[in-house]
Amino acid sequence: MRNKSFNTFILTILLVICTSLSSVANGLNNTGDIPGIIAQSAIVMDMDTGEVIASKDAKIQRPVASTIKLLTSLVFAENTSKGEAIPFTQESLKTTQTALNNLKRINEGDKISSDDLMKAVMVYSANDAAYLMADSVAGNYKDFVKMMNDKAKSLGLEDTKVVNPCGLEANAVDPDNKEINMSTAYDIAVIAKEAYKNQWIRETISDQSPNITINIEGEAVPIKLRNKILGQYGNVGGKTGNESQAGHCFVGFFQREGRNLVTVALNSDYGIDGTNVFNDTKTIVDYGFAAEKQVFKKAGEEIGTIELQYRKYGIIGPKKNITVPVIATEDVMYYKNDINDENAKIEYNNENKSAWKLANKEIELNFTLPNYSSKVSGKVDLNKFDLLKIYSGSYIIFIVIALIVIFVVAYCIRLRNLRRKRMRRRNRHNKKRR
C-alpha cells in the first residue's frame with residue numbers, strides 16, 4: 001500500500017515538472033513574454049540586428065532613474081574630446097545625492113578630466129557629474145536636456161521625455177520642477193544599443209579593474225562599481241538606476257558565442273541586498289540567448305497585396321490599377337513577441353508597378369520590425385493569361401471599332417473609286433460628242 005502511494009506521489013511530481021517545463025517551453029517558443037521576473041518592464045534585444053527577442057510591457061512609459069545617463073553620456077561623448085579639463089560649475093555642485101562632492105570636498109572651478117567625468121557618470125553614477133556633463137556641453141542643463149530629447153527623436157523614439165540629465169526624481173538644481181524622466185524599456189534598449197557603439201562609453205563600462213579611481217584637482221578619488229554582475233554570465237557592461245518611483249533598474253550588455261544582446265529591466269524591487277534586478281537580468285538574458293526564431297509567414301502563403309498598373313488597350317489608352325496578392329517564396333522568420341506581432345510589415349517598395357512586367361515574377365520585399373529590416377523574396381500572384389482575360393472585353397471592343405473603321409475606310413475608298421470611274425466615263429462621252 002505504501003509503495004502504491006509512493007509511486008502515485010512520484011508520478012504526480014513528475015507530471016508537475018513536465019507541465020512546468022512544457023509551460024516554459026511554450027513561453028520561450030511561442031509567446032515572447034519573459035517569465036519569472038520581478039521587473040515590471042523588460043526587454044532583450046539583439047544589438048547586431050536590432051531585433052526584439054522578447055519583452056514584458058516594454059512599450060509602457062515609466063520612470064527610468066539613472067539609466068537615462070546612457071543618453072547623457074552619449075550626447076556628452078558626441079560633443080566632447082577625451083582628455084579635456086572640465087571645471088566644476090556652481091549648478092552641478094548643488095546636487096548632493098550620489099555625488100562626487102560627497103567623496104571629496106569640491107569647489108567651483110576645480111577641474112576633472114572628461115575621461116574621469118565619464119567614469120564618474122557611467123561607473124559610479126554620480127549625479128553632480130551628470131549635471132557637469134550638461135554644463136560643459138551646453139552651458140546649462142536645460143539646453144543640454146533639449147539636446148538629449150533631440151537625440152532620442154533622431155533615434156525614432158517617441159516615448160522618451162527627458163527633464164534632467166541624471167535621472168533623480170528630485171531636482172536639486174531646479175527644485176520647483178517636479179517632472180521626472182520618462183521612457184520605456186524598448187526606448188532605453190535602443191538608446192543603450194546606440195551608446196554601446198561609442199568606443200569611449202563601451203571601454204568605460206567594461207572596465208573590470210578592482211580599484212577604479214578618478215582624479216579631481218590632483219587627488220585620486222576611488223569610486224564604487226555599481227554593476228554587480230560585470231564579468232559574469234557574459235556581461236561586458238551595464239548601467240544601474242534606483243529611485244523611489246522608478247524602482248531598481250538595470251541595463252546590461254552581454255556577449256556569448258559571437259552574439260551581442262542588450263537587456264533592460266525597469267521597476268524591479270531593490271530587495272535586501274540589491275540583487276533582485278541582477279537576478280531578473282540573468283533570467284532575461286538567458287531567455288534571450290535560448291530563444292529561437294519562428295515562422296512569421298510560410299513559403300507559399302499570401303503575405304499581402306500589391307497595386308499594379310496596366311493600360312486599358314495594352315500599350316495605349318488610360319492607365320488602370322489592379323490589386324493582386326503577393327505570395328512568399330521563402331519562410332519569413334522572426335522572434336515572436338507583442339512588439340513584433342504589432343509592428344511586423346512586409347512591403348514592396350520598388351518603383352516598377354507594371355502588371356505585365358511583374359506578372360508571376362519573383363520580387364524583392366522589405367520585411368520590417370521595430371529597429372530592424374531585411375530583404376525577403378516573394379512572387380506576384382498574377383499570370384499573363386489573367387491579364388489577357390482582363391483585356392478581353394477591351395480587345396473585343398477594340399477589334400469591333402477597328403473593323404468598323406476598316407469598313408468605313410473601305411467604303412469611302414470604294415465611293416471614291418466609283419466617282420472616279422463615273423468621271424472618266426463622262427469625260428469619254430463628252431469627247432465622242434465633240
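The values are calculated or read from the model by the stated rules, or taken from the named source; none is laboratory data. Quantities reported herein were computed from a predicted structural model and do not represent experimental measurements. Backbone-built Cβ (ideal geometry, glycine too); neighbour counts: all protein chains shown. With ligands, DNA and RNA removed, areas are computed over all heavy atoms of the protein, side chains included. Shrake-Rupley method; radii C 1.70, N 1.55, O 1.52, S 1.80 Å.
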Scanning the range 187-204 for residues that are β-branched (Val, Ile, Thr) and more than 13 Å from residue 67 (Cβ to Cβ) gives 201, 204
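Okay, residues lined up against (1) modelled with pLDDT of 95 or more; (2) closer than 17 Å to residue 253 by Cβ; (3) open to solvent by 50 Å² or more (accessible area, probe 1.4 Å); (4) not aromatic (Phe, Trp, Tyr):
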| residue | (1), (2), (3), (4) |
| --- | --- |
| 51 | yes, yes, no, yes |
| 54 | yes, yes, no, yes |
| 113 | yes, no, no, yes |
| 136 | yes, no, yes, yes |
| 143 | yes, no, yes, yes |
When only residues in the range 73-90 that are modelled with pLDDT of 95 or more and part of a loop (DSSP other than H, G, I, E, B) count, which is surrounded by the fewest Cβ atoms within 10 Å (Cβ to Cβ)? 81
Among the residues of the range 100-153, what is the count of those that are without any contact (Cβ under 8 Å) to a residue 24 or more places away in the chain and touching a Phe, Trp or Tyr at 6+ places or on another chain (Cβ under 8 Å)? 4
With criteria (1) part of a strand (DSSP E or B); (2) at pLDDT below 75, residue 377 comes up short on (2)
Step by step: first the residues of the range 228-256, then only those that are under 19 Å from residue 199 (Cα atoms) and touching a residue at least 60 places away in the same chain (Cβ under 8 Å), then the one that is surrounded by the fewest Cβ atoms within 10 Å (Cβ to Cβ). Which residue is that? 253
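Take residue 104 and decide whether it is closer than 28 Å to residue 262 by Cβ, of a type in the set (Lys, Arg) and in a loop (DSSP other than H, G, I, E, B).
No; evaluated as a whole, the condition is false for this residue.
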Among (1) at pLDDT below 95; (2) within 20 Å of residue 261 (Cα to Cα), there is one condition residue 173 misses while meeting the rest; what is its number? (2)
Complete set of residues in the range 257-295 that are under 16 Å from residue 36 (Cβ atoms), among the small types (Gly, Ala, Ser) and surrounded by 14 or more Cβ atoms within 10 Å (Cβ to Cβ): 265, 268, 288, 291
Restricting attention to the range 194-227, which residues are assigned to a strand (DSSP E or B) and open to solvent by less than 30 Å² (accessible area, probe 1.4 Å)? 212, 214, 216, 221, 223
Number of the condition not met by residue 59 [criteria: (1) over 30 Å from residue 291 (Cα atoms); (2) open to solvent by 10 Å² or more (accessible area, probe 1.4 Å)]: (1)
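Residue by residue, here is whether (1) assigned to a helix (DSSP H, G or I); (2) of a type outside the set (Val, Ile, Thr); (3) under 30 Å from residue 343 (Cα atoms); (4) more than 23 Å from the chain's Cα centre (by Cα) holds:
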| position | (1), (2), (3), (4) |
| --- | --- |
| 93 | yes, yes, no, yes |
| 97 | no, yes, no, yes |
| 118 | yes, yes, no, yes |
| 121 | yes, no, no, yes |
Could you run through the range 334-362 and say how many residues are in a strand (DSSP E or B), touching a residue at least 40 places away in the same chain (Cβ under 8 Å) and within 16 Å of the chain's Cα centre (by Cα)? 2
Of these, 154, 125, which one is in contact with a Lys or Arg (Cβ under 7 Å, 6 or more places away or on another chain) and of a type in the set (Ser, Thr, Tyr)? 125
